[in-house]
Amino acid sequence: MKVPEGITALQANQAIKKAAIRRKWTASVLENNEVQVKLNHHGYHAQLIFSISNGEVHYKDLTTTEDDDEFSNIEAGGYTPVPRNWLNNIKRDATSFMSSMERSTKNKTKISTENLEAKLESLKKMYDRQLITESEYKKKKQEILSRY
């Protein structure tokens, strides 16, 4: 799966995570910026690890089933892959989320200095009144500054 131009690896990971969660998988970002998604359903213990490199999304399938024991897959010379439609659903949804991010990025307009100051002052007031958390404040501040 190709990462659209203008989408960062972090944004691609967010799209993958969002796609997995939308499909009722659990998702987490690992220390090495890979996204791990898991689902236990119909006897499958599905586990996929997604990574981004060279503008492409790669995945590793670590799925097992209730019928597998620790040696059965090794002896058979393979493993039980995640059902193809499950994987395709995540890939399709992630692609859709990345496409909408791409459109959003292209539609961002630069803001004037006056507008920038007003937005930052308004944001600071919200933070000072404890209407938003510090992490929300920092995230939104960075978002505003990136548009200047």
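A short reminder: the numbers here are calculations on the coordinates, not readings from a lab. Keep in mind the model is a prediction, meaning the values are calculated, not measured. Heads up, the Cβs are rebuilt from the backbone with ideal geometry, glycines too, and the neighbour counts pull from every protein chain shown.
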Between helix 84-107 and the chain: long-axis angle, C-alpha atoms, 0 to 90°, nearest 10: 10 degrees
C-alpha long axis of helix 134-146 to longest principal axis of the chain, angle in °: 70 degrees
Added length on full extension, which subtracts the Cα-Cα distance from 0.36 nm per residue, ALA118 to HIS58: 17.4 nm
Sum of -39500 (n - 2.57) over DSSP H runs of 4+, divided by residues of the chain (222 nm, nearest 500): -16000 deg cm²/dmol
Where labels lie 7 Å past Cα in the beta-carbon direction, separation of HIS45 and ASN32 in nm: 2.1 nm
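Counting only GluC sites (Glu not before Pro) that are in a DSSP loop and have at most 12 other C-beta atoms within 10 Å, tell me the longest site-free stretch of the chain.
Values: sites that count: GLU5, GLU31, GLU66, GLU70.
Result, exposed sites excluded: 71-148.
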Simple label model, 7 Å out from Cα along Cβ direction - ARG84 to GLU5, nm: 3.2 nm
Length gained when the stretch THR65-LYS138 is fully extended (0.36 nm per residue, less Cα-Cα span): 22.0 nm
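Tell me, which longest segment in the chain has none of the trypsin sites (Lys or Arg not before Pro) that fall in DSSP loops with at most 15 further Cβ atoms within 10 Å? Could the numbers behind the result be given before it?
On the way: sites that count: ARG23, LYS24, LYS108, LYS110, ARG129, ARG147.
That would be 25-107.
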The chain, relative contact order in percent, only Cα pairs under 8 angstrom and at least six apart counted: 21 percent
Set LYS17/LYS60; LYS91/LYS139; LYS119/LYS141; LYS17/LYS91; LYS17/LYS140; LYS17/LYS138 screened for pairs whose C-alpha atoms are more than 18 Å apart: LYS91/LYS139; LYS17/LYS140; LYS17/LYS138
